[in-house]
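**Q** Structure provided below as structure tokens; questions to follow.
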Amino acid sequence: MPLQAGDSAPAVSAPNQHGDQVTVPLDGPTVLYFYPRDDTRGCTTEAVQFNAELSAYREAGIDVYGLSVDSVDSHCSFAEKNDLAFDLLADPEREIADAYGVPEGPAGTAARTTFVVLGGQIHAVYERVSPDGHARELLEDLVDAGVVDLAW
């Protein structure tokens, strides 16, 4: 079972698509979205839509990170192919996914799960999300909840 709202957020440090070690700020607001595989239809839709909303996320002061069990090389190709402007973190040993309690998908992947971290704690958890529209829905939820202020 994934961590729930109110739980402490585990530290996250992993290589991104460029091979650079990234330590995720947990003071937030930060979005950590776990996805199954690079270059699959749903995962591409989700990543492209987060990328399309990235300027609004940044304007609101929200950091966005995608995580999967894919390798740095796979993330590099996926990010380049889709012109992604945010970090994709490689978790091939499922250490981060396990720390967050993300269920295992087929072939050891991470089930599609999104966490919002704020003040070192899990603020919200989205399980079994539909990739299409998730990035916008999440942003709207954060505005509606008063987590961030964003004039659209």
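The values are calculated or read from the model by the stated rules, or taken from the named source; none is laboratory data. Small disclaimer: the values here were computed from a predicted structure and weren't measured. Cβ coordinates were reconstructed from backbone atoms using ideal geometry, including for glycine residues, and neighbour counts include every protein chain displayed.
**Q** Of the numbered conditions (1) free of Cβ contacts under 8 Å to residues at least 40 places away in the same chain; (2) within 14 Å of ALA97 (Cα to Cα), LEU32 fails exactly one; give the number of that condition.
**A** Going through the list (1) free of Cβ contacts under 8 Å to residues at least 40 places away in the same chain; (2) within 14 Å of ALA97 (Cα to Cα), LEU32 breaks only (1).
**Q** Related question: Taking into account only those residues within the range 95-117 that are small (Gly, Ala, Ser) and surrounded by fewer than 15 Cβ atoms within 10 Å (Cβ to Cβ), which is nearest to the chain's Cα centre (by Cα)? Walk me through it before giving the result.
**A** Let us first name the residues in the range 95-117 that are small (Gly, Ala, Ser), namely 97, 99, 101, 105, 107-108, 110-111.
Then drop every residue that is not surrounded by fewer than 15 Cβ atoms within 10 Å (Cβ to Cβ), which leaves 99, 107-108.
Working: ALA99: 14, ALA107: 20, GLY108: 18 Å.
Here the answer is ALA99.
**Q** Condition check: assigned to a helix (DSSP H, G or I), hydroxyl-bearing (Ser, Thr, Tyr), over 12 Å from GLN17 (Cα atoms) and out of contact with any strand residue (DSSP E or B) (no Cβ under 6 Å at 6 or more places or on another chain). Does SER55 satisfy that? So that I can check it myself, show each step before the final result.
**A** Details: assigned to a helix (DSSP H, G or I): yes; hydroxyl-bearing (Ser, Thr, Tyr): yes; over 12 Å from GLN17 (Cα atoms): yes; out of contact with any strand residue (DSSP E or B) (no Cβ under 6 Å at 6 or more places or on another chain): yes.
Yes.
**Q** Which number in (1) among the aliphatic types (A, V, I, L, M); (2) in contact (Cβ under 8 Å) with a residue 40 or more places away in the chain; (3) farther than 20 Å from ASP7 by Cα marks the one condition that ALA85 misses?
**A** The single condition ALA85 does not satisfy is (2).
**Q** Out of LEU26, LEU54, which single residue is within 22 Å of GLU140 (Cα to Cα), free of Cβ contacts under 8 Å to residues at least 40 places away in the same chain and not small (Gly, Ala, Ser)?
**A** Just a single option satisfies the conditions, and that option is LEU54.
**Q** In the range 62-146, which helices (runs of 4 or more DSSP H) lie fully inside it and hold 1 or more residues that are under 21 Å from PRO15 (Cα atoms)?
**A** So the answer is 72-81, 95-99.
**Q** Next question, about the same structure. Considering only the range 1-34, how many residues are surrounded by 13 or more Cβ atoms within 10 Å (Cβ to Cβ) and not in a loop (DSSP other than H, G, I, E, B)?
**A** 8
**Q** So which residues in the range 63-99 are within 23 Å of GLY119 (Cβ to Cβ) and not charged (D, E, K, R)?
**A** Within the range 63-99, VAL64, TYR65, GLY66, LEU67, PHE86, LEU89, ILE96, ALA97, ALA99 meet the criteria.
**Q** Which residue out of GLY66, GLY120, GLY42 is over 15 Å from the mean Cα position of the chain (by Cα) and either at pLDDT 95 or above or surrounded by 15 or more Cβ atoms within 10 Å (Cβ to Cβ) (or both)?
**A** Within the list GLY66, GLY120, GLY42, the selection yields GLY120.
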